[in-house]
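These notes concern the structure reproduced below.
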Amino acid sequence: MSDITPAIQEFISRVVHDGSNYRMDAMEKLYTDDMAILFPTREGAIAAAPRNEVFAEFAARGRAGEAPLSTEYEILHLEEQGDYATALLYRRMSDAAAPFLYELRLRRGGAYGWLVAGETVTPWPDPKTAGAFLPPRQAA
């Protein structure tokens, strides 16, 4: 893992805390206009939720008075390349929700130095299958 710069660490903390608390005015400043979240559906397809849908869901939860989401997260990996960075996070939003692996695609810019340009959210790997992206070698 590359070193996590304080600026990116602070930015990710802001994204987690503002989003978890439904702070829509703050969230507006953290994401690019064309951001979308990619995630697998129960049917095995990949869905793309555009910014307006994601923000509408968070705003609705806030208006309904729902309790804030958990801010539990851990930055697992970060790669920074010029004006772009990719961060992998362990993230769990509630004891009632499964943990997920978040890939945040960041672009330099915005009021805080970075913006979220996209996210990919996948179920947290089962320890029995983690790391097994290739099948076992076949004996020759």
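How large a share of the accessible area of segment 30-91, in percent, is made up of carbon and sulfur atoms when the probe is 1.4 Å and the other protein chains stay in place?
50
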Practice task
Whole number in Å², please: accessible area per residue of the chain, 1.4 Å probe, ligands, DNA and RNA not counted.
Solution key: 63
Problem - Per-residue [θ]222 nm for the chain (sum of -39500 (n - 2.57) over DSSP H runs n ≥ 4, rounded to 500) - result: -7000 deg cm²/dmol
Problem - Distance in nm between pseudo-label sites at SER94 and ASN52 (7 Å out along the Cβ direction from Cα) - result: 2.6
Handout entry: Correct option for Cα Rg over 2.2 N^0.38 Å [calculated from the coordinates] among (1) 1.90; (2) 1.80; (3) 1.14
Key = (3)
Fill in the blank from the handout: Relative contact order of the chain (C-alpha contacts under 8 Å, at least 6 apart) in percent is 24
Practice task
Place +1 on the Cβ of every Lys and Arg and -1 on the Cβ of every Asp and Glu in segment 1-137, take the dipole about the Cα centre, and give the residue among PRO6, PHE100, PRO136 whose Cα lies farthest towards its positive end.
Solution key: PRO136
Handout entry: Karplus-derived 3J(HN,Hα), 6.51/-1.76/1.60, for each residue of segment 110-127, Hz, glycine and proline x
Key = x, 5, 10, x, 9, 9, 7, 9, x, 9, 10, 10, 10, x, 4, x, 5, x
Exercise for the section: Name the long-range amide H neighbours of GLU72: under 5 Å, sequence gap of 5 or more, or other chain; modelled H, no Pro or chain starts. Expected result: ARG92
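The values are calculated or read from the model by the stated rules, or taken from the named source; none is laboratory data. The structure presented is a predicted model; accordingly, all values stated were derived computationally and were not measured. Positions of Cβ are backbone-derived with ideal geometry, glycine not excepted, and every protein chain shown enters the neighbour counts. Only protein heavy atoms, including side chains, enter the accessible area calculation; ligands, DNA and RNA are left aside. Shrake-Rupley method; radii C 1.70, N 1.55, O 1.52, S 1.80 Å.
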